[in-house]
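The values are calculated or read from the model by the stated rules, or taken from the named source; none is laboratory data. All values derive from a computational prediction rather than experimental measurement. Keep in mind that these areas ignore ligands, DNA and RNA; they rest on the heavy atoms of the full protein, side chains included. Shrake-Rupley method; radii C 1.70, N 1.55, O 1.52, S 1.80 Å.
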Amino acid sequence: MLRHPNHPADLNPQRRRREAISAATCLTEALVDHLNVGVAQAYINQRKLDHEVKTLQVQASQFSKQTAQWISMVEGFNQALKEIGDVENWARSIEIDMRTIATSLEYVHKGQLQPASS
């Protein structure tokens with residue numbers, strides 16, 4: 001019977017051991033390479049996430065500052081409206097006082113025009 005020259009029965013134990021170690025080394029390297037691809041992708045994704053987080057923090061800070069400015073503007077507007085209301089109330093009060101004075105002056109003036117009864 002003819003055998004292939006590399007048939008396991010023809011190999012000595014040292015050679016089979018070296019081939020087994022070589023095959024195990026190739027397998028280990030292939031597994032490590034496969035894992036490294038996953039680790040590298042995870043690292044890239046983490047860097048992207050870190051960048052996105054920093055961008056989001058900057059935008060959130062800017063939004064917070066903008067919101068504070070808007071709140072300040074609205075408070076100023078409300079204060080201006082209150083002052084307008086105060087001026088309006090003041091004007092009404094002055095108007096009422098002026099009518100009272102005008103009515104009093106008319107009353108006094110009419111009293112002076114009537115002859116005094118003795």
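Which of the following residues is at pLDDT 95 or above, aliphatic (A, V, I, L, M) and open to solvent by 100 Å² or more (accessible area, probe 1.4 Å): 2, 27, 56?
Answer to the selection: 56.
Of all residues being in a helix (DSSP H, G or I) and open to solvent by 90 Å² or more (accessible area, probe 1.4 Å) in the stretch 104-118, which is modelled with the lowest pLDDT? Just the residue, please.
Looking at the filtered set, the residue picked out is 113.
Where residues in the stretch 30-48 are modelled with pLDDT of 95 or more and open to solvent by 100 Å² or more (accessible area, probe 1.4 Å), which of them is nearest to the chain's Cα centre (by Cα)?
That would be 48.
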